[in-house]
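Engineer: Pasting a structure here, questions to come.
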Amino acid sequence: MLKPKVEKILNEQIKKEGYSSFLYLSMASWAESKGMPGIAQWLFAQAEEEKMHMLKFVDYINERGGRAIIPALDKAPENWKDVFVIFDEVLEHEKYISASINDILALAVKENDFATQNWIQWFVTEQVEEESSVQLVIDKLNLLGKHNLYMFDRDIMGLRTAE
Ligand code: OFO
């Protein structure tokens, strides 16, 4: 049985993962409408992964005898200056998510919830991969520069996001 504090923080994470999914979906739609199908594809895949993360939290809370609450989500932005701004924002957002995953682990340790400590490790590893895959995209983008966005868009099409 989940302790109330742990159930609460896990429920808060449902909202954060859901928002991540909508944020990347909004970015994907922006990129698609600006004629960048490769970037859009990367962001659509990322949005799908975030939805999967959200569902993992829903499953886990209910499996442990808690109650997963499906929240209303804040509206994600719909416009960005350019792709450089988009990927910087993705990285910043992933760092914020990593910090909240760490907060969950810290609380699980404090509450002696060994099952949650074990379960959340998957996300700890996942966040390392996600930050690194976004950094890779930013590095490529910086190398190619503004004048080679067409090439960058083709290049990213083959890049897989973290699981
Ligand atoms: Fe982008 O990561 Fe979910 O957790």
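Engineer: Just to check your reading of the model, which residue among 78, 94 is assigned to a helix (DSSP H, G or I) and within 18 Å of the chain's Cα centre (by Cα)?
Structural biologist: 94
Engineer: Scanning for something assigned to a helix (DSSP H, G or I), closer than 18 Å to residue 155 by Cβ, in contact (Cβ under 8 Å) with a residue 40 or more places away in the chain and in contact with a Ser or Thr (Cβ under 9 Å, 6 or more places away or on another chain), does the stretch 24-42 turn up at least one residue?
Structural biologist: Checking the stretch 24-42: at least one residue is assigned to a helix (DSSP H, G or I), closer than 18 Å to residue 155 by Cβ, in contact (Cβ under 8 Å) with a residue 40 or more places away in the chain and in contact with a Ser or Thr (Cβ under 9 Å, 6 or more places away or on another chain).
Engineer: Among the residues of the stretch 60-72, which ones are crowded, with 17+ Cβ neighbours inside 10 Å and within 16 Å of the ligand (Cβ to nearest atom)?
Structural biologist: The answer is 60, 61, 68.
Engineer: Right, here's the next one. Is there a residue being modelled with pLDDT under 95 and either over 17 Å from the mean Cα position of the chain (by Cα) or away from the ligand (no atom under 15 Å from the Cβ) (or both) anywhere in the stretch 20-36?
Structural biologist: The answer is yes; a qualifying residue exists.
Engineer: Looking only at the stretch 79-104, count how many residues are buried (at least 19 other Cβ atoms within 10 Å of the Cβ), more than 10 Å from the ligand (Cβ to nearest atom) and not aromatic (Phe, Trp, Tyr).
Structural biologist: Summing the residues that are buried (at least 19 other Cβ atoms within 10 Å of the Cβ), more than 10 Å from the ligand (Cβ to nearest atom) and not aromatic (Phe, Trp, Tyr) in the stretch 79-104 gives 3.
Engineer: Touching an Asp or Glu at 6+ places or on another chain (Cβ under 7 Å), in a helix (DSSP H, G or I) and of a type in the set (D, E, K, R) - does that describe any residue in the stretch 151-163?
Structural biologist: no
Engineer: Kindly indicate the residue of the stretch 58-81 that is free of Cβ contacts under 8 Å to residues at least 24 places away in the same chain and acidic (Asp, Glu) and also farthest from residue 23 (Cα to Cα) among those meeting that condition.
Structural biologist: Step by step, filter the stretch 58-81, then rank; the result is 63.
Engineer: Right, something else. Name the pairs: first residue in the stretch 130-150 and in a helix (DSSP H, G or I), second residue among the acidic types (Asp, Glu), Cβ to Cβ under 8 Å, at least 6 apart or on different chains?
Structural biologist: Between residues of the stretch 130-150 that are in a helix (DSSP H, G or I) and residues that are among the acidic types (Asp, Glu), the close pairs are 130/94; 131/94; 134/94; 138/88; 140/155; 144/155; 146/82.
Engineer: What is the one condition in (1) touching a residue at least 40 places away in the same chain (Cβ under 8 Å); (2) among the basic types (Lys, Arg); (3) more than 23 Å from residue 135 (Cβ to Cβ) that residue 8 does not satisfy?
Structural biologist: Here residue 8 clears every test but (1).
The values are calculated or read from the model by the stated rules, or taken from the named source; none is laboratory data. Owing to the predicted nature of the structure, the values given are computational and were not obtained by experimental measurement. Using ideal geometry, Cβ is built from the backbone for each residue, glycine included, and neighbour counts are taken over all protein chains shown.
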